[in-house]
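Written out below as structure tokens is the structure these notes cover.
The values are calculated or read from the model by the stated rules, or taken from the named source; none is laboratory data. Worth saying up front: this structure is predicted, and the values here are computed from it rather than measured. Every residue, glycine among them, receives a Cβ derived from its backbone with ideal geometry; neighbour counts consider all protein chains shown. Keep in mind that these areas ignore ligands, DNA and RNA; they rest on the heavy atoms of the full protein, side chains included. Shrake-Rupley method; radii C 1.70, N 1.55, O 1.52, S 1.80 Å.
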Amino acid sequence: MWVFLFFYAAIDNFVAQDRPNDGGGCIYLSWQRVVDTLIDGYVIFRRTIQDTAFTRIGFAGRYAVNFEDNTVVDSMKYIYQIAVLKQDSVYNHTLSNIVQSKAQFFHKGRINILFTIVLFTMLLGYFMTRARKGASLFIRKIAGLDAVEEAVGRATEMGRPILYVPGLGDIDFPSVIASMNILGEIARKSASYDNPLIVVNCYPVVYTVAREVVREAYTNEGRSDRYKDGYVRYLTESQFGYAAAINGIILRERPAANFFIGPFFAEALLIAETGNQIGAIQIAGTDQVLQLPFFVTACDYTLLGEEVYAASAYLTRDPVLVGSLKAQDAGKLLTLLVLILMTILTFLKINLISLIKVQ
Amino acid sequence: MKRKLPLGLCLLMGLLMMGQFFIPHPVSTKFNTLINKWVIVISAFALVLGIGNLSRHHIQIIQRSGPNRFYSLVTLLSMLGMAIIGIFFGIDEKSLYQKIFIHILTPLGATMFALLAYYMSSAAYRAFRARSIEAGLLLGSAFVVMIGFMPIGQLIHPIIPGLAEWLMKVPNMASQRGILFGVAFGAVATALKIILGIERSWLGGRD
């Protein structure tokens, strides 16, 4: 019986190694699962090379093939032992190699990301240099951005304010940052037309940034005296409280032009539909794919995903920013080519997916 | 200096945080934790400014004695009331603060969310008026998806649920992924432009 168990419960390839790409303090153990499926699991023991006795440090289930020991001290040398547990008996002890953990200075699993960033930065540099030298760079028409001037002008003619909603995201959302860039341009136009602007925020940090953006835009247009504190408002962090407050502002102050640009979630349709009901010209833009259909339905113009990020360059026509747009397009083209290549290679049974896997 | 300082700080912090992503060493992790604590502190200061703005705005409305002053009064009293209850009577599980939150604020939020159904039907009516080929396609796909995900779809014809699933998994997913690619590149480009000081609109101008 014991011979039988010994034969079927052999633990092969028991290896202890420092877990790669971490900040230290962890040893990664791996082994080959034993054939006997009636075992209860594996008991893990550990000792330092100075100690003589092993201490039980953990247990892994019968289907486990690895274990992470997060209780080690960096630079100390350890030896591990694994044993099979079956019906309260522990047997077939297998020793590991000597191992020590250490903190890494570079995450090797992220080399692909670093490579992509460097490549993309080079593309940015290349296209911006071309733009600076006066090369003509074509950008396709974006109807939603062409309509900004019209919307601001309409609000001025009607003598009603412009409402700008930067969405339900804190300042760490890239689309909020893109939204602040667009706000800067709209605030400049609003200042030059001397039209009231209402910017409503749900996060305090976004509120302070928006306030500075609008104030600076008014100052740059030489209209700092026309800027009012009430233009940029802080409302609430509550999602539906925010939506209710915006609906209230739309119904009470009846803006002639509404801009909903940034990250939006379930409140998207609530506010866009209310704006639609009062007949305001509405321009929306979001990178939240699931909310795009709501905006397309309820707004006059919708910036789809990447168009939100292109807005600043499109509105300013600054050659350097336009150059960066071309870099974006080149990046997308390269990604597409890589994806097509990977697909073809996969069909040929050459799997290189691990090269583009993000860790 | 007014522009150089924020741009310099932005460049420095941007590069440090970018570097932090590639360095798993505890020094880097501690730096990240420290910065996150700073963010909390900065948010707290910003919250004071936000509450100041909210209070000032509503006090002005009350002072003007306009027709909407009652709403402003409710806003101010609610804000003040919750703050006092939270500070002096605690915010633990059985506190009055939590009771107000669970029994008043949560149902109010749910009410707003429930309104979405009505807004959705009015928006759907507009979207589904088959005035063009695109609107017709939209109407057709929406009809198939709606019927396909209901038990009646299977009863009408066994092919309908499969067709609905195909519409969601193939054309819908393909377009979503296309948009997401653009979004990802846009986000990276925006981040790089801001870190490198190329994009300056967030400073209120281009100069």
Item to check | Rounded percent of accessible protein surface that carbon and sulfur make up, the range A:118-159, 1.4 Å probe | outcome: 59 percent
Checklist outcome for this item: In chain B, lysine pairs 8 or more places apart or on different chains with C-alpha atoms under 30 Å apart total 9
Checklist entry - So what are the radius of gyration and Dmax for the Cα set of the range A:154-306, in Å? => result 13.9, 41
Checklist outcome for this item: Quick shape summary for the range A:272-318, equivalent ellipsoid via Cα gyration tensor, semi-axes whole Å in descending order, reads 21, 14, 5
Checklist outcome for this item: Label model pair residue B:99, residue A:115: point-to-point distance (7 angstrom along the Cα→beta-carbon line) in nm is 6.2 nm
Next on the checklist: Per residue, how large is the accessible surface of the range A:111-190? Use a 1.4 angstrom probe and give square angstrom.
Outcome noted: 45 Å²
Checklist entry - Can you pull the mean other chain C-beta count within 10 Å for peptide A:284-295? => result 3
Item to check | Relative contact order for chain A, counting Cα pairs under 8 Å that sit 6 or more residues apart, in percent | outcome: 15 percent
Checklist entry - Which of the chymotrypsin sites (Phe, Trp or Tyr not before Pro) found in the range A:224-321 are in a DSSP loop and have at most 14 neighbouring Cβ atoms, other than their own, within 10 Å? => result A:265
Checklist entry - Sorted by accessible area (1.4 Å probe), largest first, how do B:13, A:180 line up? => result B:13, A:180
Checklist entry - How big is the A-B contact in terms of buried accessible area, both chains counted, 1.4 Å probe, rounded to the nearest 100 Å²? => result 5600 Å²
Item to check | Computed accessible area, residue B:55, all protein chains, 1.4 angstrom probe, square angstrom | outcome: 30 Å²
Item to check | Candidate residues A:26, B:10: accessible-area rank, largest first, probe 1.4 Å | outcome: B:10, A:26
Checklist entry - Ordered by residue, what ³J(HN,Hα) values in Hz, to whole numbers, does the range A:18-26 give under the Karplus form 6.51 cos²θ - 1.76 cosθ + 1.60, where θ = phi - 60° and Gly and Pro are x? => result 5, 5, x, 6, 10, x, x, x, 8
Item to check | Extension gain (nm, one decimal) between residue A:71 and residue A:105, 0.36 nm per residue minus Cα-Cα | outcome: 10.2 nm
Item to check | Value of relative contact order over the range A:235-359, rounded to a whole percent, pairs C-alpha under 8 Å and six or more apart | outcome: 16 percent
Checklist outcome for this item: Interchain or sequence-distant (5+) residues whose placed amide H lies within less than 5 Å of the amide H of residue A:58 are A:44
Checklist outcome for this item: On the formula 1/(1 + (r/R0)^6), with r taken between the Cβ atoms of residue B:143 and residue B:68 and R0 of 45 Å, the FRET efficiency rounded to 0.05 is 0.55
Next on the checklist: With n ≥ 4 as the cut-off for DSSP H runs, can you work out [θ] at 222 nm for chain A, using -39500 (n - 2.57) per run divided by the number of residues, rounded to the nearest 500?
Outcome noted: -14500 deg cm²/dmol
Checklist entry - So for B:51, A:271, B:147, what's the accessible-area order with a 1.4 Å probe, most first? => result B:51, B:147, A:271
Checklist entry - Amide H to amide H under 5 Å from residue A:197: which residues, 5+ apart in sequence or cross-chain, H placed 1.01 Å off N in plane? => result A:162
Checklist outcome for this item: Residue-normalised value, i.e. accessible area per residue, for the range A:240-355 at 1.4 Å probe, in Å², stands at 37 Å²
Item to check | Span per principal axis, largest first, for the Cα atoms of the range A:82-202 (Å) | outcome: 87, 44, 25
Checklist entry - How compact and how long is the range A:12-153, expressed as Rg and Dmax of its alpha-carbon atoms in Å? => result 27.6, 84
Next on the checklist: Need one number: nm distance between label points at residue B:21 and residue A:225, each 7 Å from Cα along Cα→Cβ, rounded to one decimal.
Outcome noted: 4.7 nm
Checklist entry - Which of the trypsin sites (Lys or Arg not before Pro) across the range B:168-207 are loop residues per DSSP, with 13 or fewer other Cβ within 10 Å? => result none
Checklist entry - Relative to the compact globular guide of 2.2 N^0.38 Å, what is the alpha carbon radius of gyration of the protein assembly as shown, as a ratio? => result 1.20
Next on the checklist: Please list, in order along the range B:57-71, the HN-Hα scalar couplings obtained from phi with the Karplus expression 6.51 cos²θ - 1.76 cosθ + 1.60 (θ = phi - 60°), rounded to whole Hz, x for Gly and Pro.
Outcome noted: 4, 6, 5, 4, 5, 5, 5, 6, 6, x, x, 9, 5, 4, 4
Checklist entry - Shape call for chain B from the C-alpha gyration tensor, a ≥ b ≥ c root eigenvalues: rounded (a/c under 1.5), prolate (a/b greater than b/c) or oblate? => result oblate
Item to check | the range A:124-179: C-alpha pair distances exceeding 13 Å, % | outcome: 75 percent
Next on the checklist: How much of the DSSP bridge set in the protein assembly as shown is antiparallel, in percent, rounded to the nearest 5?
Outcome noted: 60 percent
Item to check | Tensor-based shape of the range A:245-359 (alpha-carbon gyration tensor, a/c under 1.5 rounded, otherwise prolate or oblate) | outcome: prolate
Checklist outcome for this item: Percent relative contact order for the range A:155-224, counting Cα pairs under 8 Å at least six residues apart, stands at 40 percent
Next on the checklist: If I ignore ligands, DNA and RNA and count only protein heavy atoms, how much of residue A:93 is accessible to a 1.4 Å probe, in Å² to the nearest 10?
Outcome noted: 100 Å²
Next on the checklist: How many angstrom lie between the Cα centre of the range A:52-95 and the Cα centre of the range A:107-127?
Outcome noted: 41 Å
Item to check | MRE, 222 nm, helices only [DSSP H, n ≥ 4, -39500 (n - 2.57), over chain B, to nearest 500] | outcome: -26000 deg cm²/dmol
